[in-house]
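The values are calculated or read from the model by the stated rules, or taken from the named source; none is laboratory data. These numbers come from a predicted model, not from an experiment. Here the Cβ positions follow ideal geometry from the backbone for every residue, glycine too, while neighbour counts run over all protein chains shown. To get the accessible areas, we keep the full protein, side chains included, count just its heavy atoms, and leave off ligands, DNA and RNA. Shrake-Rupley method; radii C 1.70, N 1.55, O 1.52, S 1.80 Å.
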Amino acid sequence: MNSEIRLHRSLTLWPVVLFGLAYMVPMTVFSTYGVVAQTTHGQVAASYVVALVGMFFTALSYGKMVRAYPFSGSAYTYTQKSMSPQLGFLVGWAVLMDYLFLPMINYLLAGIFLSAALPGVPAWIWIILFNLLATVINILGLRLAKNVNLLLILFQVLIMIIFVGLSIRGLLSGQGAGTLLSTLPFNNPDGTFSMILAGASILCLSFLGFDAVSTFTEETIEPSRTIPKGILLVTMIGGIMFIIVSYFTQLVYPDYNSFTNPDAAAFDIARFIGGNLFASIFIAGYVVGCFASALSAQASVARLLYAMGRDGVLPKKVFGYIHPTYRTPMFNLLLVTLFSLTALVLDLVTAVSFINFGALVAFTFVNLSVIAHYFVREKKRTLKDIPSYLILPLIGAIVTFWLWTSLDKHAILLGAVWAICGILYLAVLTKMFRLRPPEFDFSEMD
């Protein structure tokens with residue numbers, strides 16, 4: 001019977017890390033650089049340090065919850081099991097905004113940049129082509145997807161190394177600040193710490209990759225050990241790369257007010273340090289990053305939908321289905337494919353606002369889940385336990401909640417509408433909250 005078919009365990013530590021980095025998109029440092037440079041008055045590297053510190057606490061909490069509940073579902077599962085099924089459903093509903101919109105955004109970005117580089121080919125062709133290609137790869141299984149991700153990540157890292165190398169060459173020849181050592185990217189006299197915090201509220205969302213790692217728990221060998229290590233590695237590797245790149249970018253091009261279009265600032269800088277040839281290669285690397293992120297994002301949301309469908313929170317016959325041959329949630333992958341086609345009609349700002357809301361809600365409740373599970377339920381309250389199971393996750397919850405309150409009004413409004421829809425659906429599912437949402441007994445899992 002199909003109910004006996006399970007996800008296939010094949011992933012080890014470094015493939016898990018690659019999925020997280022692919023989902024994070026290493027080259028995302030360039031997509032937000034211009035906006036954050038103007039927001040912080042050139043202190044982008046400092047904002048990345050603050051964001052990394054905040055995300056580190058949340059990454060620790062994800063690692064703790066993976067040990068307690070080594071199953072698919074991520075923040076949805078952790079909140080559901082440690083706090084309440086109703087609250088878990090609403091967190092999962094919020095996470096759906098993050099996961100559902102991220103593949104679409106990547107297809108949209110790829111279409112925009114490729115149509116700009118090749119004006120004769122309209123954006124909608126690229127959107128459909130990349131969407132279908134990612135779906136085929138994910139349906140065939142994670143073994144193929146992880147090999148594709150390896151190539152895509154290596155290409156992005158290569159572009160970033162070349163970018164930093166050209167920046168260093170320019171600095172040594174007198175471009176920009178004309179020095180390799182400077183405190184300006186971390187402490188600009190024209191900037192303030194409040195500006196750094198404002199930049200961090202944008203940049204923390206570059207670390208979404210460690211959240212996606214936890215959704216592959218049921219397909220990972222020794223998940224209780226592998227997933228927590230993978231989460232921390234993705235967070236630290238990504239953060240260090242972002243800090244290094246933003247540091248040298250600021251030094252080689254310190255005039256953050258000269259950008260004609262802040263969204264495209266990185267391409268102007270690429271052309272400045274490497275000419276038109278490198279700018280073309282840079283665009284290619286960015287598009288590759290978009291596809292790698294979409295590939296991992298589609299796989300992640302399909303497994304989140306699988307966890308919710310298996311629990312009966314969503315219709316089980318559709319969302320809880322596993323293909324008997326490929327051992328992948330095929331119907332969910334096809335659903336995400338259809339949803340991603342909204343890139344043909346939806347604007348980027350709207351989709352990004354949804355992601356901001358959903359991601360920070362998930363981060364906050366994962367931190368709170370650590371306190372609820374270990375400190376409250378398991379009564380781990382010794383002097384040794386208090387820092388790990390109360391203080392650190394509480395700091396993580398405060399930081400992520402503060403970042404959530406810093407979202408713009410469009411993100412809050414759109415997120416609130418989505419949340420209301422989730423509450424209404426939950427009311428119908430539970431007959432006006434008189435019944436508990438159905439839950440899956442994880443003790444039956446292999």
When segment 311-320 is examined, which residues are found to be closer than 12 Å to Gly92 by Cβ and not acidic (Asp, Glu)?
Val313, Leu314, Phe319
Kindly evaluate Ile395 against the criterion of being assigned to a helix (DSSP H, G or I), open to solvent by 60 Å² or more (accessible area, probe 1.4 Å) and touching a Phe, Trp or Tyr at 6+ places or on another chain (Cβ under 6 Å).
yes
Where Leu87 falls short, out of the listed (1) assigned to a helix (DSSP H, G or I); (2) open to solvent by 40 Å² or more (accessible area, probe 1.4 Å); (3) under 23 Å from Leu346 (Cβ atoms)
(3)
Considering residues of segment 371-392 that are of a type in the set (A, V, I, L, M, F, W, C) and either within 22 Å of Gly88 (Cα to Cα) or touching a residue at least 12 places away in the same chain (Cβ under 8 Å) (or both) only, the residue most open to solvent (accessible area, probe 1.4 Å)
Val376
Helices (runs of 4 or more DSSP H) (entirely within segment 219-335) containing at least 1 residues that are under 20 Å from Phe71 (Cα atoms) and open to solvent by less than 10 Å² (accessible area, probe 1.4 Å):
223-252, 265-310
Is segment 2-15 home to any residue that is buried (at least 21 other Cβ atoms within 10 Å of the Cβ) and among the β-branched types (Val, Ile, Thr)?
no
When the residues of segment 154-186 are narrowed to those that are under 23 Å from Val234 (Cβ atoms) and of a type in the set (Phe, Trp, Tyr), which ends up least open to solvent (accessible area, probe 1.4 Å)?
Phe163
Among the residues that make up segment 353-369, is at least one of them of a type in the set (S, T, N, Q), under 23 Å from Leu429 (Cβ atoms) and either open to solvent by less than 10 Å² (accessible area, probe 1.4 Å) or modelled with pLDDT under 85 (or both)?
yes
Is there a residue in segment 38-53 that is part of a helix (DSSP H, G or I), closer than 25 Å to Leu414 by Cα and open to solvent by less than 10 Å² (accessible area, probe 1.4 Å)?
yes
Among what's in segment 90-139 and is touching a Cys at 6+ places or on another chain (Cβ under 8 Å) and of a type outside the set (Phe, Trp, Tyr), pick the residue that is most open to solvent (accessible area, probe 1.4 Å).
Leu109
Out of all the residues in segment 145-156, is one or more under 22 Å from the mean Cα position of the chain (by Cα) and modelled with pLDDT of 85 or more?
no
